[in-house]
Amino acid sequence: MVTVQDVREMAGEETITMLTAYDTPTAEIVDEAGIDVVLVGDSVGNAVLGYDSTLPVTVDEMASHTGAVARGVEDALVVADLPFLSFGYDEATAVENAGRMLKEEGASAVKIESGEHTVALTETLTQVGIPVMAHLGLTPQHVNELGGYSRQGTSEEAAEEMLDLALAHEEAGAFSLVLEHVPANIAAAITEALSIPTIGIGAGPDTDGQVLVVNDAVGLSDWSPSFSKQFGDVRGEMERAVEDFRDAVESGEFPADEHSHVEENLDDVY
Ligand code: KIV
């Protein structure tokens, strides 16, 4: 069983692998492959629920998907994302929402899209026993403020601010930090400065680990960001299987004798 402590100790020692998952069968596949951390990302909004951003994702939806994932995982660390407006304005509500993911759904930690407003919250959650994975760089819940999903930390001032926030979250007790869509040299500098591990997505090769959205990694998404990589063609395979089913039903080839049962004792009835 991978623990928060194991992940913390992997910094600079072992490469951390993390993938998202949103349902039990995917979680089983990810876990059985030996992935260290399974993130129930609020990317469930785009990847699975058909929203065009992560903003509509609710605490109830995150709880339901976190439970489904936790039921499929035996070894990996399960981390649940806190969705938009479930934290950041009222500490009691944030603790309750985060606590629900551990207490009721089987996660072992939460991830929070971070900023100045989450330093104190990270400390509180850590103190009450809810481990926090921080997240800096592109934080998609801020899409309206950022004006899109562009690379972050591209000026000296922005990069320095990111480093300060990373150090503040480490100090507050975060056990790891996701760096999303930032220049590789900034990610490398932050990784060097921290003692907790960094996990990059679109952040170059020098972070302590790498994470991708599973739908992008397996080739299920109809679109994926340029920093992602498709390691399979699940969408193509599903399309082929669905078309084969349609053709087999229309031609009468399915169901065949081996898929059907005739009950001999019903001769008197029919
Ligand atoms: O929601 C998510 O899947 C994430 C990862 C991309 C890090 O935040």
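The values are calculated or read from the model by the stated rules, or taken from the named source; none is laboratory data. Please read all numbers here as calculations on a predicted model, not as lab measurements. Ideal geometry is used to build each Cβ from the backbone, glycine not excepted, and the neighbour counts take in all protein chains shown. The protein model used for the area step is the full one, side chains on, heavy atoms only, and it has no ligands, DNA or RNA in it. Shrake-Rupley method; radii C 1.70, N 1.55, O 1.52, S 1.80 Å.
Numbers at a glance
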| item | result |
| --- | --- |
| Folded to 0 to 90 degrees: helix 184-193 orientation relative to the chain principal axis, Cα | 60 |
| Cα-centred dipole magnitude for the chain, charges only on beta-carbon of K, R (+1) and D, E (-1), debye, nearest 20 | 920 |
| Backbone HN-Hα couplings from phi across the range 88-96 [Karplus 6.51/-1.76/1.60, Hz, Gly and Pro as x] | x, 10, 8, 4, 4, 5, 4, 5, 5 |
| C-alpha long axis of helix 59-72 to longest principal axis of the chain, angle in ° | 70 |
| Average accessible surface area per residue within the range 146-270, 1.4 Å rolling probe, Å² | 61 |
| Derived scalar couplings ³J(HN,Hα) [the range 13-20; Karplus, 6.51 cos²θ - 1.76 cosθ + 1.60; whole Hz; x for Gly, Pro] | 10, 9, 6, 8, 10, 9, 10, 7 |
| Residue-count net charge about Glu32 - beta-carbon cut-off 12 Å; Lys, Arg +1, Asp, Glu -1 | -4 |
| Derived scalar couplings ³J(HN,Hα) [the range 155-170; Karplus, 6.51 cos²θ - 1.76 cosθ + 1.60; whole Hz; x for Gly, Pro] | 10, 4, 5, 5, 5, 5, 4, 5, 4, 4, 5, 4, 5, 5, 6, 4 |
| 10 Å beta-carbon shell around Thr20, net charge (K/R +1, D/E -1) | -3 |
| Magnitude of the charge dipole, the range 150-270, Cβ model with Lys/Arg +1 and Asp/Glu -1, debye to 20 | 800 |
| Lys, Arg +1 and Asp, Glu -1 on Cβ, resulting dipole of the range 1-156 about Cα centre, debye, nearest 20 | 200 |
| Residue of Glu192, Glu113, Glu237 that the Gaussian network model of the chain assigns the largest fluctuation, springs spanning Cα pairs under 10 Å | Glu237 |
| Accessible carbon and sulfur surface of the chain relative to its total accessible area, %, 1.4 Å | 50 |
| Rel. contact order, % - alpha carbon contacts under 8 angstrom, at least six apart, the chain | 16 |
| Solvent-accessible area per residue, Å², over the range 43-126 with all protein chains present [probe radius 1.4 Å] | 41 |
| Hull volume in cubic angstrom per residue (convex hull over the Cα atoms of the chain) | 168 |
| Span from the the range 83-152 Cα centroid across to the the range 6-50 one, whole angstrom | 17 |
| Highest to lowest packing among 200-212, 253-265, 151-163, scored as the average C-beta count within 10 Å | 200-212, 151-163, 253-265 |
| At 1.002 mPa s and 20 °C, Stokes D of the range 1-100 from Kirkwood alpha-carbon radius, µm² per second | 152 |
| Amide H contacts of Glu105 (H built 1.01 Å from N, under 5 Å, at least 5 apart or other chain) | none |
| Selection from Val132, Ser114, Ser155, by position along the positive dipole direction of the range 100-171 (Cβ) | Val132 |
| Two-site FRET efficiency, Val242 against Ala184, from Cβ-Cβ distance with R₀ of 45 Å, rounded to 0.05 | 0.70 |
| Mean Cβ neighbour count within 10 Å, used as a protection proxy, ranking 216-224, 119-127 highest first | 119-127, 216-224 |
